[in-house]
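To keep things clear, I will list the structure first and then write my remarks on it.
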Amino acid sequence: MVQGYRFTLNGAAVELKVPGMRRLLDALREDLGLTGTKEGCGEGECGACSVLVDGAVVDACLVPVCQVDGSDVRTVEGMADSATGALSPLQQSFLDLGGAQCGICTPGMLMAARAYLDQGGEPTDEGIREAIAGNLCRCTGYTKIIEAIAATADGPAGG
Amino acid sequence: MPVESPVITPLTLPEAYGLLGDETYRPIAGGTDLMVQITGELGEPPERIIDLWRLDELRGIRIEDGALLVGALCTYTEIRRSALVGEWLPALAEAAATIGAAQIQNRGTLGGNIANASPAGDTLPVLLAADASITLGSARGEREVAAVDFWTAYRETARAPDELVLRVRFPLESRRTIRFRKVGTRRAQAISKVVMALAYREDGGVWRDVRVALGSVAATPVRVAQTEGVLEGAAPRQTVADHAAATITREIAPIDDVRSTADYRRSVSGRILHRILREEGGW
């Protein structure tokens, strides 16, 4: 059953005519061509598909499109400056401090960190660990990811 | 690819009740359980889905008639952040904080935890310990079911197919202390091996109105009457803790499964109870 759904995606209005139970993850990757959001487990365990819906981090594999009708959706593609292509301070910090290895978890890590920083999260080890507890990384020991997030929280420009 | 079952999104409760008269509809709230089922890997996906997300009547946390009322669509994040929950029922916020991580807590709802009826549902022992009741609604009207009567068998509840979980009512008259403890493989993203809530009211150095409730140790969340009997009217001393821990270890009959073993669950239930009593007794 195809219906029309409207929401903003990285600041731009989009309208999709798809089944309402389509996973937001599939709508982003297949219908809208934004493949920055990754599918890891597909069951809400790994956080690779993390995106922001109305500022809250969610697993895009667990959210049907019908539930984002009218919402503000943000993905990793919306992080860098759309005019200049300059990375956001958070992305630059991951790059500078080695907060990525294979890269599959990175978009989700960035979105979970983004939500934490936007909500005024402190650059504490405990706070950051809880903020990314739903994001699994199988390469790193998380240390450099945590350092990259902490450095952004500390920085004058914020996230 | 996941099965994209047809979905209808009602905007009002009467509209939702009308749809639920047709029993082929499965409700979806925050989706953290149901969206895993649409892959078809865990059995048949739902034939038709009714999306509850726009039913704002099911949101909100308030105090009314001496009770804390928590709407079925309240997310774990909303529960964690609620000043009312923090003041009147901090154990519920503690339980919410142990579920999944931010991504799950931002979508998963109290009503979903109740209706999904997993024996490992982490908020459910808190409902049992707090003598909560669950308000169900349908075109036939509303009714209240005590939490202790709600989970009737493995994954089965007192909810009829045409009913929705509307809200949970936590009575506040006795203002009992409630302690919560979950044991899982890690602090986040873990389904519990054992989860416990214990409630009591102190009365002249002894405990009254004691409730001990557990998850993941039976086919449903359960209260343990023999263990409650040991603690009722007793003081939280070491001899009492020893007796209560030994009792709960015998009283529960958990199973071996992928997450843990029956022996471990029995043993750790006794240890958790013992530790809560030690902490409350200050010895």
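Throughout, read-outs are computed from the coordinates displayed, never taken from laboratory work. It should be emphasised that the depicted structure is a prediction, and the values quoted were computed from it without experimental measurement. Glycine gets a Cβ as well: all are built from the backbone with ideal geometry, and neighbour counts include every protein chain shown.
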* For a label point 7 Å from the Cα of B:Ala262 along Cα→C-beta, name the residues of segment B:179-212 whose backbone N is under 19 Å from it. => B:193-195
* To do: Write down the Kirkwood hydrodynamic radius of segment A:89-154, to one decimal in angstroms, obtained as one divided by the mean of 1/r over all alpha carbon pairs.
  => 11.3
* In vacuo Debye scattering of segment B:163-283, one point per C-alpha: log10 I(q)/I(0) at q = 0.14 Å⁻¹? -> -0.61
* Within 10 Å of each Cβ in B:45-53, the average number of Cβ atoms from other chains -> 2
* Compute the distance in nm between two label points, each set 7 Å from the Cα along the Cα-to-Cβ direction, one at B:Thr152 and one at B:Ala219. => 1.3
* Using packing as a proxy for protection, rank B:190-201, B:79-90 so that the peptide with the highest average count of other Cβ atoms within 10 Å comes first. => B:190-201, B:79-90
* Starting from the alpha-carbon convex hull of chain A, give the projected area averaged over all orientations, in nm². => 8.9
* How long are the three semi-axes of the equivalent ellipsoid for chain B, computed from the Cα gyration tensor as the root of 5 times each eigenvalue, in whole Å, largest first? -> 33, 21, 16
* Structure fact -> Computed, not fitted: 222 nm per-residue ellipticity of chain B from DSSP H runs ≥ 4 (each -39500 (n - 2.57)), nearest 500, equal to -9000 deg cm²/dmol
* Structure fact -> Listed residues A:Lys144, A:Lys17, A:Lys38; largest mean-square fluctuation, Gaussian network over chain A with Cα springs below 10 Å, found at A:Lys17
* On full extension of the chain, what length is gained from A:Thr124 through A:Asp54, given 0.36 nm per residue of separation minus the C-alpha to C-alpha distance? -> 22.7 nm
* Gain in length, B:Ala246 to B:Arg140, computed as 0.36 nm per residue apart minus the alpha-carbon separation, to one decimal in nm? -> 33.5 nm
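Just want to confirm a number: the relative contact order over segment B:177-281, from Cα pairs under 8 angstrom separated by 6+ residues, in percent.
Values: 191 pairs, mean separation 23.2, N = 105.
Value for segment B:177-281: 22 percent.
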* Long-range amide H partners of A:Ile132 with built H, under 5 Å -> none
* Structure fact -> Calc'd 3J(HN,Hα), segment A:89-98, phi into Karplus 6.51 cos²θ - 1.76 cosθ + 1.60 (θ = phi - 60°), Hz, glycine/Pro = x, comes to x, 5, 4, 4, 5, 4, 5, 5, 9, x
* Asked: What order do you get for B:Ile255, B:Ile104, B:Ile50 when you list them from fewest to most C-beta neighbours inside 10 Å?
  -> B:Ile255, B:Ile50, B:Ile104
* Structure fact -> Bounding extents of segment B:60-171 in its principal axis frame from Cα atoms, largest first in Å, are 34, 31, 24
* **44 Å tail of the calculated P(r), the protein assembly as shown, as % of Cα pairs** => 14
* Which lysines have a Cα lying under 25 Å from the Cα of A:Lys17, excluding residues fewer than 8 positions away in the same chain? -> A:Lys38
* **Along each principal axis, Cα extent of segment B:7-51, largest first, Å** => 33, 20, 12
* Using only the alpha-carbon atoms of segment A:2-76, report the extent along each of the three principal axes, biggest first, to the nearest angstrom. => 29, 24, 20
* **Cα-projected label distance for B:Glu64 with B:Ala253, points at 7 Å along beta-carbon direction, nm** => 4.0
* All-pairs alpha carbon distance profile, segment B:15-117, 10 Å steps from 0, percent -> 14, 43, 30, 12, 1
